[in-house]
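Peer 1: Let me begin by handing over the structure; questions about it come next.
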Amino acid sequence: MAQPFFGVQRSMDITYSIVIPAYNEGSRLGATLEKVLGFVHAQRWNAEVIVVDDGSRDHTADLVRGFAEKDSRLRLVENPGNRGKGYAVRNGMLNARGEVVVFSDADLSSPIEEMPKLLAALAAGADIAIGSRWLRAELQTRRQSVHRQLFGRVFNLLLRIIVGLHFKDTQCGFKAFTRQAARTILPLQRIERWGFDPEILFLARKFGFRVEEVPVLWGHSGDTRIHPVVDGARMFWEMLRIRWYDLTGKYDAGSVAGAQPVKTPRV
């Protein structure tokens, strides 16, 4: 008998779940879905694609519904208002039914065709595979501005000092998890906005999961929503929150309050 996965009935024939968080992505999500669904079909994967609408004020949800009417592999999950990328990723992954769960940014800064690299790392024994822009910088097809690169370097240094993470790149929006790793980590995730990536990786280390950093093709999207000063201060505060949550036992295995998926009808 199939066992429930995060309160959602698993379908044993779903191997891969691809989660795409989206907020006001109506202008570019159509092209993204065409590429992702086309790639899934070309690979003949038993897969589902989940778009998580984070309270968009444009036609994002309606666009996804239109695609879903034509392709049963696509599902829409809707957040209860705008909660942040971290919440959207968690909600999508908690609603996923695949044996492997991947999340990808809606702009496909790292092309979906790079997904087999992450899957290969899992097949080789990793529990989590994270795309990296900096392991092989020559794979970047379009680089960030100098000031954003500097911001990233400072952020990475602070992560090493405060959180103890020694990855080249924690923020690339392209990561893959085995079902077991996702089932252990996601219910404990508490940060709902930009700082959720290091929180997930901190939890992975805490529970002894093997994380493999994988160099991937990546091109900077000019339509960024990160403000170096405002979001930089927020990310610094969220690093401190990770440490505080750990010290106060909020990352203990039994502490899962508030981490249940939002139940949404299948679309």
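The values are calculated or read from the model by the stated rules, or taken from the named source; none is laboratory data. Note that this is a predicted model, so its numbers are computed, not measured. FYI the Cβ positions are ideal-geometry reconstructions off the backbone, even for glycines, and counts take in every protein chain you see. Calculation scope for accessible area: heavy atoms of the full protein, side chains included, ligands and nucleic acids excluded. Shrake-Rupley method; radii C 1.70, N 1.55, O 1.52, S 1.80 Å.
Peer 1: Looking at Glu192, Glu212, which is the one that is touching a strand residue (DSSP E or B) at 6+ places or on another chain (Cβ under 7 Å) and outside any helix (DSSP H, G or I)?
Peer 2: Details: Glu192 fails: touching a strand residue (DSSP E or B) at 6+ places or on another chain (Cβ under 7 Å).
One residue alone meets the criteria, Glu212.
Peer 1: Moving to a separate point now. Going through Glu113, Glu99 one at a time, which residue ends up being at pLDDT 95 or above and in contact with a strand residue (DSSP E or B) (Cβ under 8 Å, 6 or more places away or on another chain)?
Peer 2: On the way: Glu113 fails: in contact with a strand residue (DSSP E or B) (Cβ under 8 Å, 6 or more places away or on another chain).
The unique qualifying residue is Glu99.
Peer 1: Of the residues Ala106, Ala129, which single one is in a loop (DSSP other than H, G, I, E, B), modelled with pLDDT of 85 or more and under 29 Å from Arg28 (Cα atoms)?
Peer 2: On the way: Ala129 fails: in a loop (DSSP other than H, G, I, E, B).
Sole residue among the options that is in a loop (DSSP other than H, G, I, E, B), modelled with pLDDT of 85 or more and under 29 Å from Arg28 (Cα atoms): Ala106.
Residues checked against (1) at pLDDT below 60; (2) under 22 Å from Met93 (Cβ atoms); (3) aliphatic (A, V, I, L, M); (4) open to solvent by 30 Å² or more (accessible area, probe 1.4 Å):
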site	(1), (2), (3), (4)
Val216	no, yes, yes, no
Gly222	yes, no, no, yes
Pro228	no, no, no, yes
Leu240	no, no, yes, yes
Arg243	no, no, no, yes
Ala253	no, yes, yes, yes
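Yes/no matrix, rows are residues, columns are (1) surrounded by 20 or more Cβ atoms within 10 Å (Cβ to Cβ); (2) polar (S, T, N, Q); (3) modelled with pLDDT under 95:
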| residue | (1), (2), (3) |
| --- | --- |
| Asp13 | no, no, yes |
| Asn46 | no, yes, no |
| Asp53 | yes, no, no |
| Gly66 | no, no, no |
| Val77 | yes, no, no |
| Asn82 | no, yes, no |
| Ala88 | yes, no, no |
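Peer 1: Also, quick follow-up: Which pairs do you get when a residue that is outside any helix (DSSP H, G or I), found in the stretch 159-171, comes within reach of a residue that is among the small types (Gly, Ala, Ser) and modelled with pLDDT of 85 or more, reach meaning Cβ atoms under 7 angstrom, with the pair 6+ apart or on two chains?
Peer 2: From the stretch 159-171, the pairs are Lys168/Ser132; Asp169/Ser132.
Peer 1: Okay, moving on. Of the numbered conditions (1) over 18 Å from the mean Cα position of the chain (by Cα); (2) within 20 Å of Gly98 (Cα to Cα), Ala31 fails exactly one; give the number of that condition.
Peer 2: (2)
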